[in-house]
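S.K.: Before I ask anything, let me first share the structure, which is written out below as structure tokens.
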Amino acid sequence: MRTRNILSALTLLTGLALGSLALAQSTTIVWAASPISNNGLRAKLIAAFEKAYPNIHVKLISQPTNTDTNRATLVTEISSGSSTPDVYMGDVIWPAQFGHDGLALPLSKYLPASFWDRFAPGLVAGATYKGQIYGAPFFLDGGFLYYRKDLLAKMHLPVPKTWAQLKQEALELKKAGLVKYGFVWQGAAYEGLTCDWMEYLSDAGGSVFNANLTKVEIDSPQALKALEFMRSLITSGASPEAVVTYQEPQAMNTFASGEAAFMRNWDYAWAASQDPQNSKVVGKVGVAPLPTFNAADWPGHSTVGGWNLYINPHSKHLKADLTFIEWMTGVQAQTIMATYASEIPSNYAVQKSPEVRAKNPVLRIVSLVKFTPRPAQTPAYPSVSAAIYRNINAALAGSVSPQQALAQAQREIESAISGGL
Ligand code: GLC
């Protein structure tokens with residue numbers, strides 16, 4: 001009896017001691033991330049992580065879906081010296097700027113070389129600036145063509161392989177009264193338009209800089225062909241006039257409500273279009289690589305997008321931050337992202353997994369796609385991109401001619417990089 005009392009007192013004491021120890025060890029990290037998809041993916045990931053690491057709690061800060069506004073809030077916060085967020089989900093176009101300005105921790109100094117082996121080829125190079133890796137690749141995005149397979153079947157139309165064919169079919173489906181709009185995409189003056197633009201520009205054989213990055217060459221006949229075509233989507237009625245104000249969510253909502261026949265959007269759009277809570281087109285959607293200008297060149301280019309996980313250099317929880325990043329890029333988290341939100345996983349084993357592919361139609365066609373990067377290797381990229389999207393948007397809206405827009409973009413980019421790339 002006495003022994004038992006002593007034992008239980010001891011248990012109580014040790015319990016208390018352990019409890020306070022556990023409490024002392026328990027850490028909360030703040031993760032800033034935009035929604036990724038509209039089906040609660042972040043909460044699902046956090047719950048699975050906290051189950052694997054009960055001592056680390058993750059507090060989510062929901063960032064804007066617009067990558068530019070997202071970046072602006074993080075730049076302000078981190079450059080003020082704030083220690084939150086600890087970890088943030090940041091765009092693949094940020095390493096040069098964030099590395100240059102000290103807004104992200106050089107992860108290659110803290111993670112072993114073997115850590116980087118898990119990623120699909122090319123991703124780590126994209127997250128590197130001046131020899132240091134600033135972001136752990138989280139998922140890869142590409143532009144795809146989403147189409148209404150029920151409507152194409154009804155009108156006996158093929159999945160378009162050229163831009164001209166897409167425009168024609170969009171007009172036909174509209175004329176037949178099957179949809180309110182033909183083709184929706186991202187035409188607003190923001191980073192998303194730079195992404196769409198790079199696809200047409202690359203399809204037309206143009207580029208923003210020459211191959212050795214010494215000259216701006218956006219004011220070219222190829223670029224003019226690309227821009228005139230984009231503008232013609234609007235003037236012909238194949239795309240709604242309001243497309244010049246559309247970001248991803250507006251294009252997605254229009255397509256998911258059944259009002260548009262075609263949509264250019266990223267990988268998440270597959271899962272979003274098949275979510276009965278948010279979509280009226282479940283079971284009616286197909287996904288294909290984007291068209292291009294000449295059928296013989298199919299498939300068209302797809303802009304490399306995607307997001308990395310970065311650490312705030314002022315974070316006070318480095319160990320927990322690294323644990324979180326290691327788990328988020330591991331097999332369990334990456335499988336959740338690829339099967340639940342149709343993302344292209346950064347983890348190569350998950351990307352190649354036949355079981356994961358079976359559940360993700362975007363992943364099944366990703367090897368067909370011709371990826372084209374944005375010219376983001378310079379810390380001045382935000383200004384370069386703004387020069388692109390503001391001028392392209394003005395031409396799409398008809399307030400300047402395509403020639404004027406390209407000449408102006410050329411001048412603005414030259415001045416943005418006048419200090420060197
Ligand atoms: C997607 C891409 C990102 C891109 C953004 C533009 O989120 O992953 O790289 O900058 O769209 O809107």
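The values are calculated or read from the model by the stated rules, or taken from the named source; none is laboratory data. This is a predicted model, so every value here is computed, not measured. Neighbour counts are summed over all protein chains in view; Cβ atoms, including those assigned to glycine, are modelled from backbone coordinates with ideal geometry. Protein only, heavy atoms only, side chains kept; ligands, DNA and RNA dropped before computing areas. Shrake-Rupley method; radii C 1.70, N 1.55, O 1.52, S 1.80 Å.
S.K.: Can you give the Rg to Rh ratio of region 230-339, both from alpha-carbon atoms, with Rh computed by the Kirkwood formula?
M.R.: Details: Rg = 18.7 Å, Rh = 17.3 Å.
That ratio equals 1.08.
S.K.: Name the shape class, rounded, prolate or oblate, that the alpha-carbon gyration tensor gives for region 360-399, where a ≥ b ≥ c are the square roots of its eigenvalues, rounded holds for a/c under 1.5, and otherwise prolate holds if a/b is larger than b/c and oblate otherwise.
M.R.: Working: a/c = 3.95, a/b = 1.65, b/c = 2.40.
Oblate, because a/c is 1.5 or more while a/b does not exceed b/c.
S.K.: Calculate one ³J(HN,Hα) per residue across region 138-151 by plugging θ = phi - 60° into the Karplus curve 6.51 cos²θ - 1.76 cosθ + 1.60, and present them in order as whole Hz with x for glycine and proline.
M.R.: Coupling constants for region 138-151: 10, 7, 9, 10, x, x, 10, 9, 9, 9, 8, 5, 5, 6 Hz.
S.K.: What aspartates and glutamates sit close enough to K51 to cross-link, taking a C-alpha to C-alpha distance under 17 Å and skipping anything fewer than 8 places away on the same chain?
M.R.: Output for K51: D321, E326.
S.K.: Measure nothing but the geometry: give the 0 to 90° angle between the long axis through the Cα atoms of 221-235 and the longest principal axis through the Cα atoms of the chain, rounded to 10°.
M.R.: Long axis of 221-235 versus the principal axis of the chain: about 90 degrees.
S.K.: Tell me, what is the Rg over Rh of region 271-421, with Rh the Kirkwood radius over Cα pairs?
M.R.: Working: Rg = 20.2 Å, Rh = 19.2 Å.
The Rg/Rh ratio comes out at 1.05.
S.K.: What is the mean projected area of the alpha carbon convex hull for the chain, to one decimal in square nanometres?
M.R.: In nm², the orientation-averaged hull projection of the chain is 23.9.
S.K.: Moving on. Taking 8 Å as the Cα distance limit and 6 or more residues as the minimum spacing, I'd like the relative contact order of region 178-316 as a percentage. Before the final figure, lay out each step's value.
M.R.: Details: 183 pairs, mean separation 40.4, N = 139.
In percent, rounded to a whole number, it is 29.
S.K.: Rounding to the nearest 10 and keeping the result within 0 to 90°, find how far the Cα-based axis of helix 67-79 lies from the longest principal axis of the chain.
M.R.: The angle comes out near 40 degrees.
S.K.: Moving on to the next point. Please compute, for the alpha-carbon atoms of region 160-319, the extent along each of the three principal axes and give them in descending order in Å.
M.R.: 58, 45, 28
S.K.: Would you mind getting the accessible area per residue of the chain, heavy atoms of the protein chains only, 1.4 Å probe, in Å²?
M.R.: On the way: 17390 Å² over 421 residues.
For the chain, the per-residue accessible area is 41 Å².
S.K.: Now a separate question. Work out, step by step, the length gained on full extension between A47 and E414: first 0.36 nm times the residue separation, then minus their alpha carbon distance; give nm to one decimal. Kindly include the intermediate steps, with their values, before the conclusion.
M.R.: Numbers: separation 367, 0.36 × 367 = 132.12 nm, distance 4.71 nm.
Stretched fully, the A47-E414 segment lengthens by 127.4 nm.
S.K.: So what is the diffusion coefficient of region 85-202 in µm² per second by Stokes-Einstein at 10 °C and 1.306 mPa s, using a Kirkwood Rh over Cα pairs? Write out the running numbers ahead of the final one.
M.R.: Values: Rh = 17.7 Å.
My calculation gives 89 µm²/s for D.
S.K.: Ignoring ligands, DNA and RNA, what percent of the accessible area of region 310-421 is carbon or sulfur (1.4 Å)? List each step's numbers first, then the result.
M.R.: Values: 2470 of 4520 Å².
Ligands and nucleic acids excluded, carbon and sulfur reach 55 percent.
S.K.: Moving on to the next point. What do you get for the angle between helix 402-416 and the principal long axis of the chain? Use alpha-carbon atoms, 0 to 90 degrees, nearest ten.
M.R.: 40
S.K.: Still on this model: Report, in whole Å, the centroid distance computed from the Cα atoms of region 360-421 and region 175-228.
M.R.: 8
S.K.: Kirkwood hydrodynamic radius, computed over distinct alpha-carbon pairs, for region 119-185: how many Å, to one decimal? Don't skip to the answer; put the middle values down first.
M.R.: Details: mean 1/r = 0.0667 Å⁻¹.
After inverting the mean inverse Cα-Cα distance, the result is 15.0 Å.
S.K.: Given R₀ = 30 Å, FRET efficiency for N294-S367 by Cβ-Cβ distance, to 0.05?
M.R.: Working: r = 21 Å, r/R0 = 0.71.
Efficiency at R0 = 30 Å is approximately 0.90.
S.K.: Spin-label point model (7 Å from Cα, Cβ direction): what's the M155 to D117 distance in nm?
M.R.: A separation of 5.2 nm, rounded to one decimal place.
S.K.: Students often check this: by mean Cβ neighbours within 10 Å, which of 386-396, 79-89, 40-50 ranks highest, and how do the rest follow? The partial results should precede the final answer.
M.R.: Numbers: 386-396: 23.4, 79-89: 18.4, 40-50: 16.5.
The most tightly packed comes first, giving 386-396, 79-89, 40-50.
S.K.: Hey, another quick one. Could you please tell me the mean projected area of the C-alpha convex hull for region 281-350, averaged over all directions and given in square nanometres to one decimal? Don't skip to the end; give the middle numbers.
M.R.: Numbers: hull surface 31.7 nm².
Here the figure is 7.9 nm², rounded to one decimal.
S.K.: Between N55 and E228, what FRET efficiency comes out of the Förster formula 1/(1 + (r/R0)^6) with R0 = 45 Å and r the beta carbon distance, rounded to 0.05? Can you show the working numbers first?
M.R.: Working: r = 58 Å, r/R0 = 1.30.
It comes to 0.15.
S.K.: Label points 7 Å out from Cα along the Cβ direction at K109 and T235: separation in nm?
M.R.: 5.4
S.K.: Quantify, in whole percent, the carbon and sulfur part of the accessible surface of region 156-217 (1.4 Å probe; protein heavy atoms only).
M.R.: Numbers: 1240 of 2330 Å².
Roughly 53 percent, rounded to a whole number.
S.K.: Shifting gears a bit: Once label points are set 7 Å from the Cα along Cα→Cβ at both T214 and Q250, what is their separation, rounded to one decimal in nm?
M.R.: Those two pseudo-labels are separated by 4.2 nm.
S.K.: How much of the DSSP bridge set in the chain is antiparallel, in percent, rounded to the nearest 5? Intermediate values should be presented prior to the final figure.
M.R.: Details: 24 of 40 bridges.
That works out to approximately 60 percent antiparallel.
S.K.: On a 32 Å Cα-Cα criterion, which of the cross-link pairs K215/K316; K44/K280; K130/K352; K215/K370; K44/K352 come out too long?
M.R.: Numbers: K215/K316 43 Å; K44/K280 24 Å; K130/K352 30 Å; K215/K370 24 Å; K44/K352 23 Å.
Table pairs above 32 Å Cα-Cα are K215/K316.
S.K.: Pairs of alpha-carbon atoms within less than 8 angstrom and 6+ residues apart define the contacts here; what relative contact order does the chain have, in percent?
M.R.: Relative contact order of the chain: 23 percent.
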